[in-house]
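Chemist: One structure, pasted below without further comment.
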Amino acid sequence: MGLFDRHAGLLDAYRDVRMTGADPFQIRMERVLSPTEAIINGKKTLLVGTNNYFGLTFDPSCMEAAIEAIRAEGTGTTGSRIANGSYSEHVALEQEIAEFYGKKHCMVFTTGYQANLGVISTLVGPDDFLLIDADSHASIYDACKQTQAEVVRFKHNDPSSLDARLRRLGDKPGNRLVVLEGIYSMLGDSAPLKEFIAVCKKYNAYVLIDEAHSLGALGEHGRGLCESAGVLDDCHFIVGTFSKTLGAIGGYCVSDDPDFDILRVTTRSYMFTASLPPSIVASVRQALRIVKAHPELRTKLWDNVAALYDGLAAQGFKLGPEHGPVVGVHLPDRMTAIGFWRAMLDAGVYVNVAVPPATPNGVSLLRCSVSAAHSHEQIAQMIDVMTGIGRQLGVLGNTPKLRVVGSSR
Amino acid sequence: MSDTHTGEPPLLRTAQNMIVENDDIADTIVLRRPPARAEVMAEICRQLEPFQADDGRAITGATVISKDLSIDSLAVMDMVMDLEDQFDVSIPMNVVAEIHTVDELADTILALSARR
Ligand SMILES: Cc1ncc(COP(=O)(O)O)c(C=O)c1O
């Protein structure tokens, strides 16, 4: 058996995808012009699939901070924090994030993926139990492969399903850690966190929440679902990323646990990879200041979300269950999704295409992500293009339906 | 309970028919007897039917789930969640990864419910 034979199924599926003439997994941004526009295939294209929720990638103050940091401290740290030491700015960033959440401790990682992978796999060990939502992000699933704890999945966003699994553990010794996400990355739905927390309290389980897509977007101060649901103190560990709302790269975990810092010498994805370069640390610190100082960005984001979600729903598209910075558009099958995606790109709009096995329940989706930087005109253009293609491909009827699918929680 | 008033002997609670107080509200559940093997097999076959191979081969105990059926690993895990709730057991993910045949899946469920 050849090394690649095991991928035969995937290779076939991938060949089908490429036959449509464009490869969604090898898209080239020839030139990025702004948070909402890039040149793709020689053409100016509207970006509605880049997780750039506050549009901060081109914020002049963030860019200046990064440039200054490079001049002052160079381009990279060339090693991990336990080997090469921490720069003062790493420590300052950790303090600022801890303060942002009102938690005592923070650890910064080189990506959000590594934060989830390392923290989750290290917090629980032999004889412990890790309970994860069935629709968890790949980084959480990969942590499950790395941990020595027993892993059990519960039904997506279903507190009673978690309850049943915690109950079945009975009085077995061992810690229980429950992993949730603030906003789920494919359909933009949020966890019923209050209900989940009640279940976790009943069984004395620790809670870790990944706020990757909800940092900035939810809560009065933008701390995420933990804040908007009013349960910040009940979330023992909060993980997040710098790669979306904060417009850079990196990840973090905050906690009040007095022994939290021991993770610095036990978490492999922290210990054995180079730390964030000074430029990134500087731009992230500035982006966090912007999140704190400009709540109107959050208002603008949700205005755009409402415009896009309600606009698409009114045309008859089947969407994720509620308003969210991610708007998932259901399509009947993989090939329709890919054909639709390709037609959107030809019409100058870039979104993500998500097909099985990367999606929950085998659904095929166009995944749109909304930015505060989108103008009303851009959102309107997006709805027009999508509606036109939807009619052409027979995904929509020929007359608009004034039907709102789903509701916001 | 009215035992003290009537003087009748207290309710016999055996492992076969146990009433568990779930919390202090009147929310009680009855744990069933461990299921019969035939019952577990029937339920697994029912869940796997939509993924049956085109050649119409029947699903048997020897059917290799990931190979003989058109089901991907994610759908297997989702089916496992349904079976877990049906038979009130939890099958850890690393155990699921070691299960290949329908027989092995049934045996795992039976072993876990016997231990309950
Ligand atoms: C829910 C979730 N968690 C974690 C990550 C990982 O973030 P990062 O891009 O920082 O590695 C992502 C992004 O892909 C995500 O969607």
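The values are calculated or read from the model by the stated rules, or taken from the named source; none is laboratory data. Predicted model only: the values in this text are computed from it and were never measured. No Cβ is skipped: glycine too gets one built from the backbone with ideal geometry, and neighbour counts run over all protein chains shown. The accessibility values were calculated without ligands, DNA or RNA, using every heavy atom of the protein model including side chains. Shrake-Rupley method; radii C 1.70, N 1.55, O 1.52, S 1.80 Å.
Chemist: Between residues in segment B:80-98 that are more than 7 Å from chain A (Cβ to nearest Cβ) and crowded, with 17+ Cβ neighbours inside 10 Å and residues that are outside any helix (DSSP H, G or I) and polar (S, T, N, Q), which pairs lie under 7 Å by C-beta distance while being six or more apart or on different chains?
Modeler: B:Glu84/B:Ser90
Chemist: Then there is this: Could you identify the single residue in A:Tyr113, A:Tyr206, A:Tyr141 that is in contact with a Phe, Trp or Tyr (Cβ under 9 Å, 6 or more places away or on another chain), aromatic (Phe, Trp, Tyr) and surrounded by fewer than 22 Cβ atoms within 10 Å (Cβ to Cβ)? Quick ask: steps written out before the conclusion?
Modeler: Numbers: A:Tyr113 fails: in contact with a Phe, Trp or Tyr (Cβ under 9 Å, 6 or more places away or on another chain); A:Tyr141 fails: in contact with a Phe, Trp or Tyr (Cβ under 9 Å, 6 or more places away or on another chain).
The conditions single out A:Tyr206.
Chemist: Tell me which residues, restricted to segment A:320-335, are within 24 Å of A:Thr20 (Cβ to Cβ) and open to solvent by 30 Å² or more (accessible area, probe 1.4 Å).
Modeler: Answer for segment A:320-335, where residues must be within 24 Å of A:Thr20 (Cβ to Cβ) and open to solvent by 30 Å² or more (accessible area, probe 1.4 Å): A:His330, A:Pro332, A:Asp333, A:Arg334, A:Met335.
Chemist: Sticking with this structure for a sec: Checking A:Arg71 against (1) in contact (Cβ under 8 Å) with a residue 40 or more places away in the chain; (2) exposed (fewer than 12 other Cβ atoms within 10 Å of the Cβ); (3) in a helix (DSSP H, G or I), which test does it fail?
Modeler: Among (1) in contact (Cβ under 8 Å) with a residue 40 or more places away in the chain; (2) exposed (fewer than 12 other Cβ atoms within 10 Å of the Cβ); (3) in a helix (DSSP H, G or I), A:Arg71 violates only (1).
Chemist: Here's something else I'd like to know. If the Cβ limit is 9 Å and pairs must be 6+ apart or interchain, which residue in segment A:336-363 that is within 14 Å of chain B (Cβ to nearest Cβ) pairs with which residue that is open to solvent by 30 Å² or more (accessible area, probe 1.4 Å) and part of a strand (DSSP E or B)?
Modeler: Pairs found: A:Val363/A:His330.
Chemist: What single numbered condition from (1) at positive phi; (2) in contact with a Cys (Cβ under 8 Å, 6 or more places away or on another chain) fails to hold for A:Gly188?
Modeler: (2)
Chemist: Which residue is farthest from the other protein chains (Cβ to nearest Cβ), if the candidates are limited to segment A:135-165 and must be of a type in the set (Ser, Thr, Tyr) and within 14 Å of the ligand (Cβ to nearest atom)? Give the derivation first.
Modeler: Let us first name the residues in segment A:135-165 that are of a type in the set (Ser, Thr, Tyr), namely A:136, A:139, A:141, A:147, A:160-161.
Subsequent filtering for residues that are within 14 Å of the ligand (Cβ to nearest atom) retains A:136, A:139, A:141.
Working: A:Ser136: 11, A:Ser139: 16, A:Tyr141: 9 Å.
Looking at residues that are of a type in the set (Ser, Thr, Tyr) and within 14 Å of the ligand (Cβ to nearest atom), I get A:Ser139.
Chemist: Shifting gears a bit: For residues that are of a type outside the set (D, E, K, R) and surrounded by fewer than 21 Cβ atoms within 10 Å (Cβ to Cβ), scanning just segment A:125-134, find the one that is nearest to the ligand (Cβ to nearest atom).
Modeler: So the residue we want is A:Ala134.
Chemist: Also, quick follow-up: Kindly state which strands (runs of 3 or more DSSP E) lie completely within segment A:9-52 and contain at least 1 residues that are within 24 Å of the chain's Cα centre (by Cα) and among the acidic types (Asp, Glu).
Modeler: Hits in segment A:9-52: A:37-40.
Chemist: If you go through segment A:88-104 one residue at a time, how many are outside any helix (DSSP H, G or I) and surrounded by 19 or more Cβ atoms within 10 Å (Cβ to Cβ)?
Modeler: 1
Condition check ((1) away from every other protein chain (no Cβ under 14 Å); (2) away from the ligand (no atom under 15 Å from the Cβ); (3) surrounded by 20 or more Cβ atoms within 10 Å (Cβ to Cβ); (4) not in a strand (DSSP E or B)) across all residues:
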| residue | (1), (2), (3), (4) |
| --- | --- |
| A:Glu195 | yes, yes, no, yes |
| A:Ala217 | yes, no, yes, yes |
| A:Arg223 | yes, yes, yes, yes |
| A:Cys226 | yes, no, yes, yes |
| A:Gly230 | yes, yes, no, yes |
| A:Lys244 | yes, no, yes, yes |
| A:Ser279 | yes, yes, yes, yes |
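Chemist: Restricting the search to segment A:340-354, which residues are surrounded by fewer than 21 Cβ atoms within 10 Å (Cβ to Cβ) and under 17 Å from A:Asp16 (Cα atoms)?
Modeler: Answer for segment A:340-354, where residues must be surrounded by fewer than 21 Cβ atoms within 10 Å (Cβ to Cβ) and under 17 Å from A:Asp16 (Cα atoms): A:Arg342, A:Ala343.
Chemist: If I filter segment A:36-50 for residues that are open to solvent by 30 Å² or more (accessible area, probe 1.4 Å), within 16 Å of the ligand (Cβ to nearest atom) and touching a strand residue (DSSP E or B) at 6+ places or on another chain (Cβ under 9 Å), do I get at least one hit?
Modeler: Among the residues of segment A:36-50, at least one is open to solvent by 30 Å² or more (accessible area, probe 1.4 Å), within 16 Å of the ligand (Cβ to nearest atom) and touching a strand residue (DSSP E or B) at 6+ places or on another chain (Cβ under 9 Å), which makes the answer yes.
Chemist: Still on this structure, please answer the following. Can you tell me which residue is nearest to A:Glu181 (Cα to Cα) among those in segment A:246-257 that are among the hydrophobic types (A, V, I, L, M, F, W, C) and within 14 Å of the ligand (Cβ to nearest atom)?
Modeler: Taking the candidates together, the pick is A:Cys253.
Chemist: Hey, another quick one. Among the numbered criteria (1) more than 10 Å from chain B (Cβ to nearest Cβ); (2) within 15 Å of the ligand (Cβ to nearest atom), which single criterion is violated by A:Thr122?
Modeler: Failed condition: (2).
Chemist: Regarding A:Leu177, is this residue at the interface with chain B (Cβ under 10 Å from one of its Cβ atoms), open to solvent by less than 10 Å² (accessible area, probe 1.4 Å) and not in a loop (DSSP other than H, G, I, E, B)?
Modeler: no
Chemist: Take the conditions within 16 Å of the ligand (Cβ to nearest atom) and in contact (Cβ under 8 Å) with a residue 60 or more places away in the chain and apply them to A:Thr57. Does it pass?
Modeler: yes
Chemist: In segment A:54-90, what count of residues is obtained for those that are within 24 Å of A:Thr299 (Cα to Cα), in contact with a helix residue (DSSP H, G or I) (Cβ under 6 Å, 6 or more places away or on another chain) and not hydrophobic (A, V, I, L, M, F, W, C)?
Modeler: Summing the residues that are within 24 Å of A:Thr299 (Cα to Cα), in contact with a helix residue (DSSP H, G or I) (Cβ under 6 Å, 6 or more places away or on another chain) and not hydrophobic (A, V, I, L, M, F, W, C) in segment A:54-90 gives 1.
Chemist: Next question. Assess whether A:Gly311 counts as being open to solvent by less than 30 Å² (accessible area, probe 1.4 Å) and farther than 28 Å from A:Arg28 by Cα. Break it down into steps so the answer makes sense when it comes.
Modeler: Numbers: open to solvent by less than 30 Å² (accessible area, probe 1.4 Å): yes; farther than 28 Å from A:Arg28 by Cα: yes.
So A:Gly311 passes the test.
Chemist: Would you check if A:Leu301 is open to solvent by less than 10 Å² (accessible area, probe 1.4 Å) and away from the ligand (no atom under 15 Å from the Cβ)?
Modeler: So A:Leu301 fits the description; yes.
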